[in-house]
Each structure stands twice: as structure tokens, then as C-alpha cells.
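Novice: Quick one: structure below, then a few questions.
The values are calculated or read from the model by the stated rules, or taken from the named source; none is laboratory data. Quick caveat: nothing in here was measured; it's all calculated off a predicted structure. We place every Cβ from the backbone using ideal geometry, glycine too, and count neighbours over all the protein chains shown.
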Amino acid sequence: MVAAAVDRLVENGLTSMALFTETDNEPACNFYEQLGGERQLDEQGQFGGMYGWADLRKLKDELSRRTSL
């Protein structure tokens, strides 16, 4: 599902994305981190549940490699 969403974003010219989760949702946090998501910090340096990907093409390539294994 993530691969399909990333494909569509890239096809529409988007180059980055951010996703949110609850900070205590460890399975979701682990999942986003395994996909290369970077924790985004607020002005006080606190993590509020946002993960970001600066280059969706890189994520798309990584997801393609994983599905081809």
C-alpha cells in the first residue's frame, strides 16, 4: 500500500512527504523508521509523531528493491 501511494505521489510530481502517528505507537514508529522516515522535531526539539521523507524517488527505489526480493 505504501509503494502504491509513493508511486502516485511521484507520478504527480511530488518529491517529499510527511506522515503522522501517535508518539507511543511503537509498531508504527518502527515501520516508518524501517522505511527510512526521519523523525521531524518541533521548534522545541520534541518529536510529535511526524516522519518525513525528503526524496520520494529514493523511497520508491527502496520499496521496488524490497518487493523484487
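Novice: For region 1-39, enumerate the residues that are over 12 Å from Asp55 (Cα atoms) and charged (D, E, K, R).
Specialist: Listed by number, the residues that qualify are Asp7, Arg8, Glu11, Glu22, Asp24, Glu26, Glu33, Arg39.
Novice: Looking at Gly45, Gly13, Gly36, which one is part of a loop (DSSP other than H, G, I, E, B) and in contact with a Leu (Cβ under 8 Å, 6 or more places away or on another chain)? Give the steps one after another, and end with the answer.
Specialist: Numbers: Gly45 fails: in contact with a Leu (Cβ under 8 Å, 6 or more places away or on another chain); Gly13 fails: in contact with a Leu (Cβ under 8 Å, 6 or more places away or on another chain).
That would be Gly36, the only listed residue that is part of a loop (DSSP other than H, G, I, E, B) and in contact with a Leu (Cβ under 8 Å, 6 or more places away or on another chain).
Novice: Can you tell me which residue among Leu41, Leu63 is under 20 Å from Val10 (Cβ atoms) and of a type outside the set (Lys, Arg)?
Specialist: Numbers: Leu41 fails: under 20 Å from Val10 (Cβ atoms).
The unique qualifying residue is Leu63.
Novice: In region 17-43, how many residues are surrounded by 11 or more Cβ atoms within 10 Å (Cβ to Cβ) and of a type in the set (Asp, Glu)? Please lay out each step first, then the result.
Specialist: Our first condition is that a residue be surrounded by 11 or more Cβ atoms within 10 Å (Cβ to Cβ); within region 17-43, this holds for 17-21, 23, 25, 28-29, 31-33, 35-41.
Now drop any that are not of a type in the set (Asp, Glu), which leaves 33, 38.
Residues in region 17-43 being surrounded by 11 or more Cβ atoms within 10 Å (Cβ to Cβ) and of a type in the set (Asp, Glu): 2 in total.
Novice: Could you please let me know if Gln46 is of a type outside the set (Phe, Trp, Tyr), modelled with pLDDT of 95 or more and surrounded by fewer than 13 Cβ atoms within 10 Å (Cβ to Cβ)?
Specialist: On the way: of a type outside the set (Phe, Trp, Tyr): yes; modelled with pLDDT of 95 or more: yes; surrounded by fewer than 13 Cβ atoms within 10 Å (Cβ to Cβ): yes.
Here the answer is yes, as Gln46 does meet what is asked.
Per-residue answers, yes or no, for (1) more than 10 Å from the chain's Cα centre (by Cα); (2) in contact (Cβ under 8 Å) with a residue 40 or more places away in the chain:
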residue	(1), (2)
Thr15	yes, yes
Thr23	yes, no
Asp42	yes, no
Gln46	yes, no
Tyr51	no, no
Glu62	yes, no
Arg66	yes, no
